[in-house]
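Read-outs: derived from the displayed coordinates by stated rules, not from any lab. What you are looking at is a predicted structure, and each value in this text was computed from that prediction instead of being measured. Here Cβ is always computed from backbone atoms with ideal geometry, including for glycine, and neighbour counts include all displayed protein chains.
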Amino acid sequence: MATSKESSGGKGATSGGNAQKSGPAKRGFAAMDQNQQREIASKGGQAAHQKGTAHEFDSEEARRAGQKGGEAVSRDREHMADIGRKGGESRQSANRAAAAAAAANAPKGNRQGNKEE
């Protein structure tokens with residue numbers, strides 16, 4: 001015989017097709033699809049610009065923001081080492097390719113600058 005919890009579809013029941021346990025249901029702006037959210041946000045930005053209260057970066061402020069981001073990235077020493085290693089590998093391979101191309105285009109002859117004796 002089923003207990004009252006099992007038959008009434010309590011919290012632990014998986015019947016009914018609504019077995020998602022991702023927290024509370026999304027409401028309002030979060031429940032909208034991305035296109036709707038983008039349209040509403042765009043209207044808000046346009047209104048702020050028309051009203052004159054929108055924030056606009058000047059070059060100095062943008063420079064400081066970029067510097068701050070660069071400092072945050074550079075704290076990760078392993079990431080910076082990877083970047084440097086990739087750059088060194090890229091430069092090495094480019095130098096090897098250039099040397100191979102130069103050797104292929106060099107005139108054949110003796111090693112004394114092609115002087116004939």
From fewest to most C-beta neighbours within 10 Å, the residues His79, His55 line up as His55, His79
Can you tell me how much longer the chain between Ser59 and Asn35 gets when fully stretched, taken as 0.36 nm per residue apart minus their C-alpha distance, in nm with one decimal? 5.5 nm
